[in-house]
Amino acid sequence: MKYLVTGAAGFIGNFVSERLCSLGHDVVGIDNLNDYYDPTLKKRRLDRLIGFKNFTFIKLDIADRKLIAKLFATEKFDRVIHLAAQAGVRYSLDNPMAYIDSNLVGMATILEGCRHNKVKHLVYASSSSVYGMNEKMPFSVDDAVDHPVSLYAATKKSNELMAHSYSHLYDLPTTGLRFFTVYGPWGRPDMAPFLFTDAIVNNKKINVFNNGEMQRDFTYIDDIVEGIIRIQDVIPARNNAIAKPSPASAKAPYRVHNIGNNVPVSLMSFIEAIEQAAGKVAEKNYLPMQAGDVPATFADIDSLSNVIGFKPATDIKDGMQQFVNWYREYNQ
Ligand SMILES: NC(=O)c1ccc[n+]([C@@H]2O[C@H](COP(=O)([O-])OP(=O)(O)OC[C@H]3O[C@@H](n4cnc5c(N)ncnc54)[C@H](O)[C@@H]3O)[C@@H](O)[C@H]2O)c1
């Protein structure tokens with residue numbers, strides 16, 4: 001089958017591209033290689049795919065509606081895994097327009113490409129950030145999420161609404177995945193696993209927000225890839241018998257699932273896992289909660305595991321050991 005993977009030089013897109021290629025599929029990966037974080041890391045991720053003859057990389061901006069329309073018309077993709085986005089909650093406080101361009105305009109060009117070229121399934125990245133200040137734990141896809149606390153979260157929730165309209169109007173099968181803090185080798189330098197490891201290994205102080213009173217459902221990259229690979233084979237069908245659609249399903253061929261580890265880890269246990277993996281004790285700088293951040297995330301993954309028969313299960317200690325090993329090798 002022929003796939004489009006957007007954000008193929010990004011953390012998750014790179015591993016998904018690798019997996020699809022190793023399964024024998026043809027993959028076109030696109031990415032604009034922007035400098036939100038060091039583009040060298042993005043290029044080195046792409047180097048991991050050089051050996052695959054069935055992988056083609058094209059440097060392209062998903063907000064460029066003409067070029068994206070041309071790409072879809074030329075390549076005739078069977079399926080699309082849409083992972084390109086302006087990520088990060090904190091960056092959205094100072095750079096809102098980057099989120100409008102990549103996450104809203106970019107999602108629209110991808111939906112249009114899918115619509116006009118009869119793509120059989122669009123799987124796209126949403127985020128646990130949509131839960132905002134939700135206090136009911138674990139976070140369920142059936143919870144109402146109408147009060148985002150960052151523009152990033154607002155764009156991700158908007159992506160789900162945009163997807164529903166295309167599923168409803170054009171029968172485009174869409175599945176949105178709300179990722180919960182994804183980490184692992186080749187991970188993002190703007191996220192806590194990288195920032196904390198970098199500081200601890202280099203004997204620098206770490207900033208511990210909300211005085212450590214935070215919890216995150218950390219999900220290991222291999223589990224995320226397994227979930228994406230399985231769910232892209234489960235194509236939602238129109239079901240007019242559904243009398244009362246839930247926030248995560250509809251009469252239209254539209255679904256939204258959480259994908260998380262289903263085990264929230266306290267910030268202090270997470271730091272301990274890095275200390276153990278690195279063999280060093282962190283110097284900690286305790287700070288108040290940051291604007292746009294949420295105190296806890298915890299994924300209810302029943303809707304996903306019921307349809308794919310798989311649950312992420314990597315323990316934070318094992319996952320962070322893998323990350324610290326990679327970090328040391330990468331920085332040699
Ligand atoms: N990593 C996580 O913990 C996490 C959590 C929730 C949601 N997500 C979502 O998952 C997806 C993948 O995240 P990631 O962690 O791999 O992030 P990433 O930043 O590593 O990857 C995204 C890639 O998209 C590319 N990109 C951004 N804007 C683009 C544009 N306009 N045109 C073309 N390419 C563009 C970037 O260059 C980057 O390589 C994103 O949609 C993100 O919002 C990630």
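The values are calculated or read from the model by the stated rules, or taken from the named source; none is laboratory data. Keep in mind it's a predicted model, so treat the numbers as computed, not measured. All Cβ positions, even for glycine, are placed from backbone atoms using ideal geometry, and neighbour counts span all protein chains on display. Side chains are part of the model used for accessible areas, which takes the heavy atoms of the whole protein and leaves out ligands, DNA and RNA. Shrake-Rupley method; radii C 1.70, N 1.55, O 1.52, S 1.80 Å.
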Return the total of residues in region 232-250 being in a loop (DSSP other than H, G, I, E, B) and modelled with pLDDT under 95.
11
Inside region 168-194, the number of residues satisfying the requirement of being modelled with pLDDT of 95 or more, assigned to a helix (DSSP H, G or I) and surrounded by 18 or more Cβ atoms within 10 Å (Cβ to Cβ) is 2
Any residue at all in region 195-214 that is within 16 Å of the ligand (Cβ to nearest atom), farther than 30 Å from Arg255 by Cβ, surrounded by fewer than 20 Cβ atoms within 10 Å (Cβ to Cβ) and under 16 Å from the mean Cα position of the chain (by Cα)?
no
Any idea which of Ser150, Ser158 is modelled with pLDDT under 95, within 16 Å of the ligand (Cβ to nearest atom) and open to solvent by less than 50 Å² (accessible area, probe 1.4 Å)?
Ser150
Inspect region 283-297 for any residue being among the small types (Gly, Ala, Ser) and free of Cβ contacts under 8 Å to residues at least 24 places away in the same chain and give the result as yes or no.
no
Taking the stated definitions as given, is Asn54 more than 15 Å from the ligand (Cβ to nearest atom), among the polar types (S, T, N, Q) and touching a strand residue (DSSP E or B) at 6+ places or on another chain (Cβ under 7 Å)?
yes
Taking region 1-17 on its own, how many of its residues are farther than 19 Å from Tyr36 by Cα and either over 16 Å from the mean Cα position of the chain (by Cα) or of a type in the set (A, V, I, L, M, F, W, C) (or both)?
7
Test result for Asp223, closer than 16 Å to Ile301 by Cα and either within 16 Å of the ligand (Cβ to nearest atom) or crowded, with 20+ Cβ neighbours inside 10 Å (or both)
yes
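Would you tally the residues in region 230-262 being within 26 Å of Met137 (Cβ to Cβ) and surrounded by fewer than 18 Cβ atoms within 10 Å (Cβ to Cβ)? Explain how you work it out, then say what you get.
The initial filter retains those residues of region 230-262 that are within 26 Å of Met137 (Cβ to Cβ), namely 230-231, 244-250, 254-262.
This time we only want the ones that are surrounded by fewer than 18 Cβ atoms within 10 Å (Cβ to Cβ), so: 230, 244-247.
Result for region 230-262: 5.
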Does region 102-126 hold any residues that are assigned to a helix (DSSP H, G or I), near the ligand (Cβ under 10 Å from one of its atoms) and touching a Lys or Arg at 6+ places or on another chain (Cβ under 9 Å), and which are they?
Asn103, Val105, Thr109
Name the residue that is farthest from Val265 (Cα to Cα), counting only residues in region 306-321 that are surrounded by fewer than 18 Cβ atoms within 10 Å (Cβ to Cβ) and polar (S, T, N, Q).
Asn306
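Mind checking which residues of region 287-305 are among the small types (Gly, Ala, Ser) and open to solvent by 60 Å² or more (accessible area, probe 1.4 Å)? I'd like the intermediate steps shown before the answer.
Restricting attention to region 287-305, the residues satisfying the condition of being among the small types (Gly, Ala, Ser) are 291-292, 296, 299, 303, 305.
Correct list: Ala291 only.
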May I ask you to list pairs of residues, at least six apart or on different chains, whose Cβ atoms are under 8 Å apart, with the first in region 76-94 being within 16 Å of the ligand (Cβ to nearest atom) and the second being assigned to a loop (DSSP other than H, G, I, E, B) and of a type in the set (Lys, Arg)?
Ala87/Arg188
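Which residue out of Arg238, Arg188, Arg230 is of a type in the set (Lys, Arg) and either closer than 30 Å to Gln332 by Cβ or within 16 Å of the ligand (Cβ to nearest atom) (or both)?
Result of the check over Arg238, Arg188, Arg230: Arg188.
Of a type in the set (S, T, N, Q) and in contact with a strand residue (DSSP E or B) (Cβ under 9 Å, 6 or more places away or on another chain), is that true of Ser158? Let's see the steps before the verdict.
Numbers: of a type in the set (S, T, N, Q): yes; in contact with a strand residue (DSSP E or B) (Cβ under 9 Å, 6 or more places away or on another chain): no.
No; evaluated as a whole, the condition is false for this residue.
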